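Just so it is clear, none of the values below were taken in a lab; they were calculated from the coordinates. The model shown is predicted, which means the values in this text are computed figures rather than measured ones. Cβ sites come from the backbone with ideal geometry, for glycine too, and all protein chains shown count toward neighbours.
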Amino acid sequence: MFVQSTETKNLRGLQNGIYEFTDGGINLILGKNGSGKTSILEAVYLTNSGESFRTQKKLNLIKTGEEFSVLTTVFNIFNSNITVSALIKNITHYTVNNKNVGSVLNTKTSKDEFRCLLFTPDDIQAISGAPALRRDMFDRYIGALDNRYFKIISEYNKVLKQRNALLKSNDKHTSNNASVLGDKDITFNIWNLKLTEFGNQIIEYRDKFVMKINEIAQTYYNYISQEDNKISIYYKPNTAVLEIEKLNSGLEKEKIAQTTLFGPHRDDYEIYLQSQLSRYQLSRGEQRTTGLSLLFATHQLIKNNLGYNPVLLLDDIASELDSTRVKYLMEHIPIGQAILTTTEKISSTNISKIINL
Ligand SMILES: Nc1ncnc2c1ncn2[C@@H]1O[C@H](COP(=O)(O)OP(=O)(O)OP(=O)(O)O)[C@@H](O)[C@H]1O
Ligand SMILES: [Mg+2]
């Protein structure tokens, strides 16, 4: 399973061209700042997931002065090629093996079967920043391991949105008589039921993932840093079990706050290196090493689960690391295909191809 090539036309400041990759090993995209390295990863990612990791508005990808952009990637899945093409205009149109699939990428033929794991410099903020960033990172990793998780998250968020809207709307439909349920109370009951149903599934997924990832992340951290510092990841759920009673008893508080106060949308994770909390106490290099260890551990879990290696898209991972860490990082990038961008030449026996921009 690998990315064979990606062809770009009118993509940001990147020269139009076909970029070919080798199956397995590290494909190094080397170039100066602004040469278009991240844009190539963006093209691969977009044709795999239907999204850009840099912007919500795909129009931003079209080279200034041009009317459209075309990105075409050939994915090799179990020895057969799948060609996914995105024509970005006012609306993005996708084709899969030259068949029009409309404005939503048919995930059955790409993302579900072909897993890409992305790491960008922004991911360091998931280690050092606010809880929402950590939740997003872990959600991406858990979903990459089991696609059904994304569906549960999406259902939960829909319910949460509706419930919050109800909390924000004025109270006039609520019954004054405690023994008679008003329309609004009935609606609350429905949302509470769904919120607990999806919420508890999310909690279970997150709990299991953290239990599995600790040991493997530790191994990678030791490999890259060549130190035996202990890395510990804890899942800190807002509520260990989301119960209807809890939602009911907190309802008055929630009506004042006009938002849902309980549930996995308020979860966090704590990551420690020895006794230092990653969020406040780690150096940049340590944060990066921690982030990469988590990514590589996820890669390993996917391999164990699905039996094949996901493709690694690694944007600028070597910066901020000292030369020893870069050396060991390159030596321990998990087996399979990796596409890696860098501004400085890196030497390693694992590099199978260098694309000079
Ligand atoms: N819509 C656009 N039209 C034209 N140029 C653009 C557009 N969007 C971005 N650019 C430019 O495209 C170039 C390539 O950007 P990209 O982020 O891919 O570079 P990079 O090689 O990853 O750089 P860095 O090493 O700084 O990360 C940049 O010079 C950027 O300013
Ligand atoms: Mg870049």
Completion exercise
By Cβ neighbour count within 10 Å, fewest first, Leu59, Leu340 rank Leu59, Leu340
Practice task
Count the DSSP beta bridges whose two residues both fall in the chain, then state the antiparallel fraction as a percent rounded to the nearest 5.
Solution key: 65 percent
Fill in the blank from the handout: Everything considered on the Cα gyration tensor (a ≥ b ≥ c; rounded for a/c under 1.5, else prolate if a/b is larger than b/c, else oblate), the range 226-357 must be described as prolate
Problem - Phe68-Lys208 pseudo-label distance in nm [points 7 Å out on the Cα-to-Cβ vector] - result: 4.4 nm
Handout entry: 15 Å beta-carbon shell around Phe68, net charge (K/R +1, D/E -1)
Key = +3
Completion exercise
When Phe53, Phe209 are ranked with the fewest other C-beta atoms within 10 Å first, the list becomes Phe53, Phe209
Completion exercise
Counted neighbours (other Cβ, 10 Å), sorted fewest up, put Leu87, Leu301 in the order Leu87, Leu301
Completion exercise
Checked the range 271-313 against the a/c 1.5 cut and the a/b vs b/c comparison, axes a ≥ b ≥ c from its Cα gyration tensor; verdict prolate
Problem - Charge context of Leu312, other residues only, Cβ under 12 angstrom, K/R +1, D/E -1 - result: +1
Completion exercise
For the range 132-306, whose charge dipole is built from +1 on Lys and Arg Cβ atoms and -1 on Asp and Glu Cβ atoms, the candidate among Val241, Leu160, Ser293 with its Cα farthest towards the positive end is Leu160
Practice task
Provide the FRET efficiency to the nearest 0.05 for the Glu245-Gln281 pair, computing r from the beta carbons and using R0 = 41 Å.
Solution key: 0.60
Exercise for the section: Specify whether the C-alpha gyration tensor of the range 132-306 places it in the rounded, prolate or oblate class, a ≥ b ≥ c being the square roots of the eigenvalues: rounded for a/c under 1.5, otherwise prolate if a/b is larger than b/c and oblate if not. Expected result: prolate
Exercise for the section: Rounded to the nearest Å, what's the spacing between the alpha carbon centres of the range 1-69 and the range 252-302? Just the number, please. Expected result: 29 Å
Problem - Cleavage-rule hits (GluC sites (Glu not before Pro)) in the range 258-357: DSSP loop, at most 12 neighbouring Cβ within 10 angstrom - result: Glu344
Handout entry: Neighbourhood net charge (12 Å Cβ-Cβ; Lys/Arg +1, Asp/Glu -1) for Arg12
Key = +3
Handout entry: Label-reachable residues, the range 248-283, where backbone N falls under 12 Å from a point 7 Å from Lys230's Cα toward its Cβ
Key = 272-276
Problem - Stretchable slack from Asn60 to Lys253, in nm (0.36 nm times residue separation minus alpha-carbon distance) - result: 65.3 nm
Practice task
Tell me the label-point distance for the pair Asp183, Ser154, using the 7 Å Cα-to-Cβ offset, in nm and rounded to one decimal.
Solution key: 3.0 nm
Exercise for the section: Run down the lysines and flag those whose C-alpha is under 28 Å from the C-alpha of Lys208, throwing out any fewer than 8 positions away in its chain. Expected result: Lys108, Lys111, Lys151, Lys158, Lys161, Lys194, Lys230, Lys236, Lys246, Lys303
